[in-house]
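The values are calculated or read from the model by the stated rules, or taken from the named source; none is laboratory data. Since this is a predicted model, take the numbers as computed values, not measurements. No Cβ is skipped: glycine too gets one built from the backbone with ideal geometry, and neighbour counts run over all protein chains shown.
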Amino acid sequence: MDLKLARTELSAKPKKVSLSAVEKSVEQDGQSIIYFDKENSHKDLVELVEHFESKSNSVYLREVRFGLSEGDYMYEVHIL
């Protein structure tokens, strides 16, 4: 599964990251906070949460709004 990381500029395209890369990051640090782009489907993010919960990790997913428009948001995922 590939997920898109949050953009650093509004005109930029989001970069992709694989599930295995996220797993490596969590294994190295013991925890991870990752921001995902709004182009990701909510279903894929729920699958990510379920994947890490099945490995006995605590996962917190929330939607972060950074503007007044309905389209100004990203997803924040905390994995412990």
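Data table
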| item | result |
| --- | --- |
| Residue that is surrounded by the most Cβ atoms within 10 Å (Cβ to Cβ), among those in the range 20-57 that are in a strand (DSSP E or B) and of a type in the set (Phe, Trp, Tyr) | PHE36 |
| Test result for GLU63, over 11 Å from the mean Cα position of the chain (by Cα), outside any loop (DSSP other than H, G, I, E, B) and of a type in the set (D, E, K, R) | no |
| Count - residues of the range 66-79 that are modelled with pLDDT of 95 or more and either surrounded by fewer than 15 Cβ atoms within 10 Å (Cβ to Cβ) or acidic (Asp, Glu) (or both) | 2 |
| Per-region count, the range 1-19, residues in a loop (DSSP other than H, G, I, E, B) and of a type in the set (Ser, Thr, Tyr) | 2 |
